[in-house]
Amino acid sequence: MNFLFLCTGNSCRSILSEAIFNARAPEGFSACSAGSKPTGKVHPLTLKTLQNLGISTQGLSSKTMQDCEQFNPQVVITVCGSAAAEPCPLYLGKAIKAHWGLEDPSHLEVSEDEKMQAFMQTVEHINRRFDAFFALDLANLNPEELVAEINKISEIA
């Protein structure tokens with residue numbers, strides 16, 4: 001099952017989601033990420049956070065949605081912060097779509113130590129959602145039940 005994580009800049013939240021998903025996913029699952037207005041670079045603290053966690057950063061890049069067309073996702077998750085008043089990209093297609101909003105730690109005006117703490121809190125939030133997803137009995141869920149479960153995961157704080 002292929003997941004596409006979308007955000008505006010594709011430099012922080014969607015990249016973290018892609019890398020963490022791929023590090024945790026069982027065989028047959030894969031993730032990619034993209035942005036509606038990609039910055040063209042991965043935020044340095046995103047890379048530092050992943051490296052501190054022992055998660056590979058090889059091949060991570062800020063991409064457009066067109067860069068991921070061949071990926072053929074079955075699930076598209078937008079991770080734009082709901083309270084940040086950002087435009088969240090809309091992906092049209094047959095994929096399951098859900099919004100798992102995350103606040104952007106890269107835009108905080110705080111010290112680097114505090115910003116790193118915010119990045120780690122974002123990672124913890126992502127991991128709680130992935131814990132819930134990977135705990136699903138996917139083999140026994142029909143498509144409607146899967147959609148409902150993926151949407152329920154958005155409520156996990």
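Figures for the structure shown
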item: Considering residues of the stretch 72-90 that are crowded, with 17+ Cβ neighbours inside 10 Å and at pLDDT 85 or above only, the residue farthest from the chain's Cα centre (by Cα); result: Pro73
item: Residue ID - farthest from Thr57 (Cα to Cα), chosen from residues in the stretch 11-20 that are buried (at least 23 other Cβ atoms within 10 Å of the Cβ) and in contact with a helix residue (DSSP H, G or I) (Cβ under 9 Å, 6 or more places away or on another chain); result: Arg13
item: Search result, residues across the stretch 101-130 that are loosely packed, with under 14 Cβ neighbours inside 10 Å and either on the phi > 0 side of the Ramachandran plot or among the charged types (D, E, K, R) (or both); result: Glu109, Glu112, Asp113, Glu114, Glu124, Arg128
item: Pairs, first under 20 Å from Val110 (Cα atoms) in the stretch 24-53, second hydroxyl-bearing (Ser, Thr, Tyr) and in a helix (DSSP H, G or I), C-beta under 6 Å, six or more apart; result: His43/Ser106
item: Qualifying residue in the stretch 40-57 (condition: assigned to a loop (DSSP other than H, G, I, E, B), farther than 16 Å from Glu124 by Cα, hydroxyl-bearing (Ser, Thr, Tyr) and under 14 Å from the mean Cα position of the chain (by Cα)); result: no
item: Any hit, the stretch 107-128, residues being in contact with a Cys (Cβ under 7 Å, 6 or more places away or on another chain) and modelled with pLDDT under 90; result: no
item: Options Ser11, Ser33: the member that is over 16 Å from Gln121 (Cα atoms), in contact with a His (Cβ under 6 Å, 6 or more places away or on another chain) and at pLDDT 90 or above; result: Ser11
item: Where Gly93 falls short, out of the listed (1) in a loop (DSSP other than H, G, I, E, B); (2) out of contact with any Pro (no Cβ under 9 Å at 6 or more places or on another chain); (3) loosely packed, with under 14 Cβ neighbours inside 10 Å; result: (2)
item: Those residues of the stretch 137-149 which are at pLDDT 95 or above and closer than 17 Å to Val79 by Cα, in sequence order; result: Glu149
item: Tally, over the stretch 108-142, of residues that are without any contact (Cβ under 8 Å) to a residue 12 or more places away in the chain, assigned to a helix (DSSP H, G or I) and of a type outside the set (Asp, Glu); result: 3
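The values are calculated or read from the model by the stated rules, or taken from the named source; none is laboratory data. Keep in mind that this is a model prediction, so the values were computed, not measured. Heads up, the Cβs are rebuilt from the backbone with ideal geometry, glycines too, and the neighbour counts pull from every protein chain shown.
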